[in-house]
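J.: Before I ask anything, let me first share the structure, which is written out below as structure tokens.
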Amino acid sequence: MGKNLTHKILESHLVEGKLIPGEEIGIKIDQTLLQDATGTMAMLEFEALGLEAVRTQCSVQYVDHNILQGDHKNADDHRYLQTASMKYGIHFSPPGNGICHQVHLERFGEPGKTLLGADSHTPSAAGVSMFAMGAGGLDVVLAMAGRPYYFPCPKVLGVKLIGELPDWVSAKDVVLEMLRRYDVKGCLGKVIEYYGPGVATLTVTDRLTIGNMGTELGATSSVFPSDHQTLAFLQAQGREGAWVELGPDPDATYDEYDEIDLSSLEPLIACPSSPGNVKPVREVAGVKVHQVIIGSCVNSSFRDLMTVAKVLEARHVNRDTFFHVNPGSRQVLENVAAQGGLIPLLAAGARLHESGCMGCIGMGQAPGTGQVSLRTFPRNFPGRSGTKDDQVYLCSPETAVAAALKGMITDPRDLGAEMAYPRVQELDTYLIDTSSIIFASPSLRDTEVIRGPNIRPLPAMEPLPESLEAEVLLKVGDNISTDTIMPAGSDILPLRSNIEALSQYAYCRLDHDFATRCKKTEAVVIVGGENYGQGSSREHAALAPRYLGVQVKIAKSFARIHKANLCNFGILPLVFKDPSDYEGIAEHSKIILKDIRRRLDRGEREIPVEVGGRQIMTLLDVSDRQRNYLLAGGALNSVKEELG
Ligand code: MIC
Ligand code: SF4
């Protein structure tokens, strides 16, 4: 029986376990990626391990999220990350150089290698055929220390691509079609492997777009073959030496199958406020649009910006629509400028921003009250833009620029009456600018690490007690994202390396008094629905609640990264055995977990929970390693014990 590419890469990196879906496996990690919003905490954790340098083939620290410098805090963090990277053998990409996923593809990604990143969109590296996953900072730190990464072996969903994309339809529409079919939890526990003749028609940055938003489908990762497109991209980046040809065997089999005929796709759009709320653009055409943003870690590439620039040549955007451009990297901006794309963008009225996450993580660019914003971003969870009750839509650059021109949601194919579709070709050779990257070198190892007052030590965590009596302080519904648990934005993000201050904002969008209420309660329980903790990889969504006294979460199901983060920070992730028990548990219910420590020690999976005198059954589906983390009060306690 032929092998699919996912299994080929996993097998060549497997260090523990068997490739049986659902069972825990450990794989060797070749490369790691940190960004600043997760990276300050991760770097503190790495330092706590006491190693001299990273033990990977390549580790990179990017600064792209927290780049507004409203006071000393973010600038302190940047300097800390720079000096710590230099000391510990990590490449450093400074603020302004670009968004981690775009830059990683340009400068570091290598086909067939594994990449673990403290950012949920790390599977963007599918663009260059890496097996890339997002994880909590601590898991990435352990990989930086040379340890395997452990996760449940995924099923492989093989998606056969046939045909070719029509004019005005692009890679974003392919992944929006996947979201239309599967919604935000349809690919939980799966890797999506794209194969078939349609793959060859997609460029590396098209594949980045599709891999990136696999995260929005709940997928563990996405995988593409490495072929002539990969070679052309690496050649254009001056890195052809990294190329190897990779693909599934001709008779490869998959756990599940699907097929997309690229030629039959039409422009799609994710409506407020979920990436899974997808409709054909023509169904929502005519809605007035106040803001359009091209950018983020998807759709900020050379092709994306040049397509928009060419559509805008000799045209101006609608005067009621504010139009922003956030280039994916400095390299993208330099190449767009060199190819004559910058003048049409500026002359059309673009507000050109620094290369970085910007409005995607609420770092500026918040829309006005009741205003509609169309963005080429990957996610539009409620309030993420920074504006309460926001109306954010996600779409392709083609759909975005059509809206900017017309001032309302417009099917970009309608532009065909006025102009030919500008099919932008990738360049044979890109302008390459590595001048601002500080490459790791043994000569930098004696760099002094500079810590500003914003950098606070990690809070200590107590081991799991014998029994637990706790109170339910919050009950939430399905698909709660980590943006709701631990919001970001320009006022909160700078506190990411100060857990005491950050924790005051936990769940604040649902309950302003949550942190205060926690202070009056010994141990806290949160109850959730399906896919609890979807979205970002931020471990702060476990760490900050834990700091406030949250010890247990009971949900119908958990998103992969958040569940791992809960174990890493000593919060029990219990799942209702009978989902209807969700109804019988209310805010302020008192719960008792009798002999919880002994049960974990004995490896019990069924955990009885007393709720107001009644007993319900929950399941603790974690590995032995995660049980030890939970017993020790978190992974760091456990690993430190191990390292002596
Ligand atoms: C996001 O898109 O939500 C983020 C911000 O990039 C996060 C990481 C973070 O919270 O720092 C992610 O995707 O993991
Ligand atoms: Fe940055 Fe947005 Fe991408 Fe997250 S999704 S890495 S915030 S651009």
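The values are calculated or read from the model by the stated rules, or taken from the named source; none is laboratory data. Because the structure is predicted, anything quoted here is derived from the model rather than measured. Glycine also receives a Cβ, built like all others from the backbone with ideal geometry; neighbour counts cover every protein chain displayed. Quick note on the areas: whole protein, heavy atoms, side chains included, nothing else; ligands and nucleic acids left out. Shrake-Rupley method; radii C 1.70, N 1.55, O 1.52, S 1.80 Å.
J.: Quick check: from the Cα gyration tensor, does the range 241-348 come out rounded (a/c under 1.5), prolate or oblate?
T.: Here the range 241-348 falls in the oblate category.
J.: At 0.36 nm per residue, and after removing the present C-alpha to C-alpha distance, how many nm does the segment from residue 640 to residue 68 gain when stretched out fully? Display every interim value, and only then the final one.
T.: On the way: separation 572, 0.36 × 572 = 205.92 nm, distance 3.50 nm.
Residue separation times 0.36 nm, minus the Cα-Cα distance, leaves 202.4 nm.
J.: To continue, here is another question. Using a probe radius of 1.4 Å on heavy atoms only, what accessible surface per residue do you get for the range 259-414? Whole Å² is fine. Kindly include the intermediate steps, with their values, before the conclusion.
T.: Details: 4950 Å² over 156 residues.
With the other protein chains kept in place, the range 259-414 gives 32 Å² per residue.
J.: Right, here's the next one. Applying a 10 Å radius around every beta-carbon, put 239-245, 400-406, 1-7, 329-335 in order of their mean neighbour count, most first. Could you put the intermediate results ahead of the total?
T.: Details: 239-245: 14.4, 400-406: 26.6, 1-7: 18.1, 329-335: 24.3.
Ranking, from highest mean packing down: 400-406, 329-335, 1-7, 239-245.
J.: Compute the convex hull volume of the Cα atoms of the range 323-473, divide it by the residue count, and report the result per residue in Å³ as a whole number.
T.: Each residue corresponds to 264 Å³ of Cα convex hull volume.
J.: Assign one of three labels to the range 416-481, namely rounded, prolate or oblate, based on the Cα gyration tensor with a ≥ b ≥ c the square roots of its eigenvalues; rounded applies when a/c is under 1.5, prolate when it is not and a/b is larger than b/c, and oblate otherwise. Walk me through the intermediate numbers first.
T.: On the way: a/c = 4.07, a/b = 1.39, b/c = 2.93.
The shape class here is oblate.
J.: Then there's this: In nanometres, what is the gap between the two model label sites at residue 625 and residue 258, each 7 Å from Cα along Cα-to-Cβ?
T.: 2.9 nm
J.: Translational diffusion coefficient, Stokes-Einstein: compute it for the chain using the Kirkwood radius over C-alpha pairs as Rh, at 25 °C and 0.890 mPa s, and state it as an integer in µm² s⁻¹.
T.: On the way: Rh = 24.7 Å.
Calculated translational D: 99 µm²/s.
J.: A further question follows. Report the far tail of the P(r) of the range 271-405, meaning the percent of Cα-Cα pairs longer than 25 Å. Mind dumping the intermediate values first?
T.: Values: 1635 of 9045 pairs.
Tail of P(r) above 25 Å: 18 percent of Cα pairs.
J.: Report the Cα-based extents of the range 49-137 along its three principal axes, largest first, to the nearest Å.
T.: 41, 30, 22
J.: Whole percent per 5 Å bin, from 0 to the bin with the longest distance: what is P(r) over all C-alpha pairs of the range 387-431?
T.: Spelled out bin by bin, the range 387-431 gives 5, 17, 22, 17, 14, 11, 9, 5, 1 percent.
J.: Using the per-residue mean of other Cβ atoms lying within 10 Å as a proxy for protection, in what order, highest first, do the peptides 126-134, 512-520 fall?
T.: 126-134, 512-520
J.: Something else about it: Which three lengths, in whole Å and largest first, does the range 548-644 cover when its Cα atoms are put on their principal axes?
T.: Projected onto its principal axes, the Cα set of the range 548-644 covers 44, 27, 25 Å.
J.: Rank-order 230-238, 30-38 by packing density, defined as the average count of other C-beta atoms within 10 Å over each peptide's residues, highest first. Don't jump to the answer; show the numbers that get you there.
T.: Numbers: 230-238: 19.2, 30-38: 27.2.
Those peptides, ordered most packed to least, come out 30-38, 230-238.
J.: If you don't mind, there's one more thing I want to ask. Alpha carbon centre of the range 265-328 versus the range 193-237: separation in Å?
T.: Answer, in whole Å: 21.
J.: Then there's this: What does the net charge come to around residue 530 if you take all other residues with beta carbon closer than 12 Å to its beta carbon, with K and R at +1 and D and E at -1? The partial results should precede the final answer.
T.: Working: positive: 185, 556; negative: 183, 478.
Charge balance near residue 530 sits at 0.
J.: Give the accessible area for residue 71 in Å² (nearest 10); use a 1.4 Å probe, count only protein heavy atoms, and leave out ligands, DNA and RNA.
T.: Accessible area of residue 71: about 70 Å².
J.: Compute the accessible area per residue over the range 475-588, keeping the other protein chains in place, probe 1.4 Å, unit Å². Display every interim value, and only then the final one.
T.: Working: 3390 Å² over 114 residues.
About 30 Å² of surface per residue is accessible.
J.: Then there is this: Quote the charge dipole size of the range 229-301 about the Cα centre in Debye, to the nearest 20; the model charges only the Cβ of Lys and Arg (+1) and of Asp and Glu (-1).
T.: Numbers: 4 positive and 11 negative charges, 167 e Å.
The calculation lands at about 800 debye.
J.: Looking at the P(r) of the range 95-233, how many percent of alpha-carbon pairs lie beyond 17 Å? Intermediate values should be presented prior to the final figure.
T.: On the way: 5554 of 9591 pairs.
I get 58 percent for the Cα pairs in the range 95-233 exceeding 17 Å.
J.: Can you give me the long-range amide H partners of residue 295? Hydrogens built in the peptide plane at 1.01 Å from N, cutoff under 5 Å, separation of 5 or more residues or another chain.
T.: The list, which skips near neighbours in sequence, is 326, 376.
J.: Treating the beta-carbon of each Lys and Arg as +1 and of each Asp and Glu as -1, no other charges, what is the dipole magnitude of the range 23-129 about its Cα centre, to the nearest 20 debye?
T.: Values: 7 positive and 14 negative charges, 58 e Å.
Computed about the Cα centre, the dipole is about 280 debye.
J.: Add +1 for every Lys or Arg and -1 for every Asp or Glu among the other residues with Cβ under 9 Å from the Cβ of residue 384, and state the total.
T.: Working: positive: 379; negative: 390, 483.
Result for the local shell: -1.
J.: Given a cut-off of under 8 Å on Cα pairs at least six residues apart, what relative contact order in percent is computed for the chain? Before the final figure, lay out the partial values.
T.: Numbers: 1634 pairs, mean separation 93.0, N = 644.
It rounds to 14 percent for the chain.
J.: Could you give the alpha-carbon Rg of the range 103-177 over 2.2 N^0.38 Å, rounded to two decimals? Could the numbers behind the result be given before it?
T.: Numbers: Rg = 15.1 Å, N = 75, 2.2 N^0.38 = 11.3 Å.
So the Cα radius of gyration is 1.33 times the expected 2.2 N^0.38 Å.
J.: Another question, if that's okay. Given the range 1-77, what whole percent of its Cα pairs are spread farther than 20 Å? It would help to have the intermediate numbers written out before the result.
T.: Working: 1569 of 2926 pairs.
That fraction is 54 percent.
J.: Then there's this: Using a 1.4 angstrom probe on heavy atoms only, work out the carbon and sulfur share of the accessible area of the range 455-575 in %. Walk me through the numbers before you get to the answer.
T.: Details: 1700 of 3680 Å².
The computed percentage sits at 46.
J.: Shifting gears a bit: Cα atoms only: what Rg and Dmax, in Å, come out for the range 404-562?
T.: For the range 404-562, the Cα radius of gyration and maximum Cα-Cα distance read 23.2, 72 Å.
J.: Turning to a different aspect of this structure: If amide H atoms are built 1.01 Å from N in the plane of the peptide, which residues on other chains or at least 5 residues away come under 5 Å of the amide H of residue 64?
T.: 36, 37
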